[in-house]
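Following: one structure in structure tokens, then a few remarks.
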Protein chains: 2
Amino acid sequence: MSPRILDNNQLLAREQELIDTALQIMETDGTAGLTMDKVVARVPYSKGTIYNHFTSREDLLTGVCNAGMSVLAELFSRALTFNGTTRERLLAVQYAYLLHALLQPTQFMLVISAKTASLSERTSERRQAEHYQLEGRLMGPMLKLVDEAITNRELVLPKQMTKQQIVFTNWAGSFGAIALLINSEGKCSGRQGLAFQSEIFNHANLLLDGMQWHPLSHEMDYYKSVERIAQEIFPEESAQAGNPQYSQRMKAN
Amino acid sequence: MSPRILDNNQLLAREQELIDTALQIMETDGTAGLTMDKVVARVPYSKGTIYNHFTSREDLLTGVCNAGMSVLAELFSRALTFNGTTRERLLAVQYAYLLHALLQPTQFMLVISAKTASLSERTSERRQAEHYQLEGRLMGPMLKLVDEAITNRELVLPKQMTKQQIVFTNWAGSFGAIALLINSEGKCSGRQGLAFQSEIFNHANLLLDGMQWHPLSHEMDYYKSVERIAQEIFPEESAQAGNPQYSQRMKAN
DNA sequence: AATCGTCAGTGACGGATCGTCAAAAAACCT
DNA sequence: AGGTTTTTTGACGATCCGTCACTGACGATT
């Protein structure tokens, strides 16, 4: 009656292997350069087997996207362990978001593509559900942070705004700034490197000041906070992302 | 020596015709559904002729994007004629942006795709230059608005921020909020219609309050402003975008 | 008027890609 | 060992991109 039931763990491992290879290809050839045939060539399975895991190329892309969201959730958790005010910890989360975007620009942009009709329509139910669940895992901690800020009296909810809206508006701001900058390397006259980072934090600080999330930016030096976040929470990642001074211990100048 | 010289105006007209057909296809089949063969089928020219105008499918996409930016620039100009404070007029520009996104979601998303390497690498020099020039035509008026606000004393430049950064951060905020919402119809639990609009304006108002652009949102009812903008400047477009109450004169209830 | 030279236009074709499916191989059961 | 069910395979049809050898239209020249 049941000749062989495929080991579920083995299946998941293979799925991860496929996602990893897909990501490798995308890092060199871009999203448009990802081809099922290329994946087949790099992997000991045939095309048919791959299509047993992913219903289409788009389904595979959503898989890569979900994998990225998963590591991002991990970064968010770490960010929230920062020792500081709620506003500083929110900044830490945004810094994590920025790091992720710098280290994995392809995956970062994938999040918006995944919401496109042409992608989501061709994505399997299962993976779509996984996607929503991951969104929750990203939003959840930030909602809790807002709660905490409210009970701490560091934030009072602006008129007719919900906690969800607070989180959304912060996310949207970071996303927009990063998305517009990340694909403008050396195009619009001279913004690069540190400018990138400061745009994101200018935006975040203006927004947080606007909603009166204390301490306001004139009451506290948030540039210092960002440096502390980079050094204490994300030294490795900051170094990789092009801020070598934050890496553990470089030969001092 | 010169058997036949192609009329330049005729060429431009044909190019526009091709862009229009491409846009029509994209409206029904999505960006991914745009195919050169489909364009050929709808047009009295052969594939070779089309490739005389556009070096690749991506070049055509950039052409469609540029056309969208051109009408957006027109909307911006109209928005700036609103009779009100500088901050109200900036809101009008953002409202124009929102309208454009609602009416032409495909073209709206194209702006970010156009910055992707896979697209810009395959776009002709000519059209790339046109693209940058259009960016200028969008940014220019907003820079002038910031200038005006500064001389009016309605805005003082925050520490270490340039006028360009002010404009960028506003643009990024609107872009992020719209981009995240526009592809979430009925997915994330219940946001729709008016919620869409209010998210964008919550974000803009928080940001503008944060940079102390007067009058602040507690000093003035900006919901009223938005309604005035919709009625006085964009009645037709607002109606099309799903706010029928703003259309010129409906049979009153 | 006949001929020639130039250039826009054409569409069949090569190469690449997606996703399928009939058949082969492998695993399991008795 | 033989039979049954699951899994894998890769050749194949369909689609799409972009090219290029060819066609034909038009003006210039004789």
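Of all residues in segment B:24-38, those being more than 10 Å from chain A (Cβ to nearest Cβ) and of a type outside the set (Lys, Arg) number 9.
When the residues of segment B:41-82 are filtered to those that are within 13 Å of DNA strand C (Cβ to nearest atom) and of a type in the set (S, T, N, Q), the one that is nearest to the other protein chains (Cβ to nearest Cβ) is B:Ser56. Of all residues in segment B:101-111, those satisfying the criterion of being part of a helix (DSSP H, G or I) and either among the charged types (D, E, K, R) or open to solvent by 10 Å² or more (accessible area, probe 1.4 Å) (or both) are B:Leu102, B:Leu103, B:Pro105, B:Thr106, B:Gln107, B:Met109, B:Val111. The residue pairs whose first member lies in segment B:159-173 and is facing another protein chain (nearest Cβ under 8 Å) and more than 17 Å from B:Arg137 (Cα to Cα), whose second member is in a helix (DSSP H, G or I) and of a type in the set (S, T, N, Q), and whose beta carbons are closer than 8 Å, counting only pairs six or more residues apart or on different chains, are B:Met161/A:Asn202; B:Thr169/A:Asn202.
Close contacts from segment A:142-158, counting a first residue that is in the same structural domain as A:Met211 (by TED's automatic domain parsing) and a second that is assigned to a loop (DSSP other than H, G, I, E, B), with Cβ to Cβ under 6 Å and a gap of 6+ residues or different chains, come to A:Ala149/A:Leu155; A:Glu154/A:His214; A:Leu155/A:Trp213; A:Pro158/A:Met211. When A:Thr85, A:Thr151, A:Thr116 are screened for being within 14 Å of chain B (Cβ to nearest Cβ), more than 14 Å from the chain's Cα centre (by Cα) and surrounded by fewer than 22 Cβ atoms within 10 Å (Cβ to Cβ), only A:Thr116 passes. Of the residues that make up segment B:165-178, is at least one over 17 Å from the mean Cα position of the chain (by Cα) and part of a loop (DSSP other than H, G, I, E, B)? Checked segment B:165-178: no residue is over 17 Å from the mean Cα position of the chain (by Cα) and part of a loop (DSSP other than H, G, I, E, B).
Within segment B:119-129, being surrounded by fewer than 17 Cβ atoms within 10 Å (Cβ to Cβ) and more than 10 Å from chain A (Cβ to nearest Cβ) holds for B:Ser124, B:Glu125, B:Arg126, B:Ala129. Among the criteria (1) among the charged types (D, E, K, R); (2) without any contact (Cβ under 8 Å) to a residue 12 or more places away in the chain; (3) closer than 22 Å to A:Ile166 by Cβ, the one B:Glu199 does not fulfil is (2). Just one of the listed residues (B:Lys251, B:Lys224) is open to solvent by 30 Å² or more (accessible area, probe 1.4 Å), of a type outside the set (A, V, I, L, M) and modelled with pLDDT under 95, namely B:Lys251.
The values are calculated or read from the model by the stated rules, or taken from the named source; none is laboratory data. Here the structure is a predicted model, which means the values were calculated and not measured. All Cβ positions, even for glycine, are placed from backbone atoms using ideal geometry, and neighbour counts span all protein chains on display. Remember, those area values only see protein heavy atoms, side chains included, never the ligands or the DNA or RNA. Shrake-Rupley method; radii C 1.70, N 1.55, O 1.52, S 1.80 Å.
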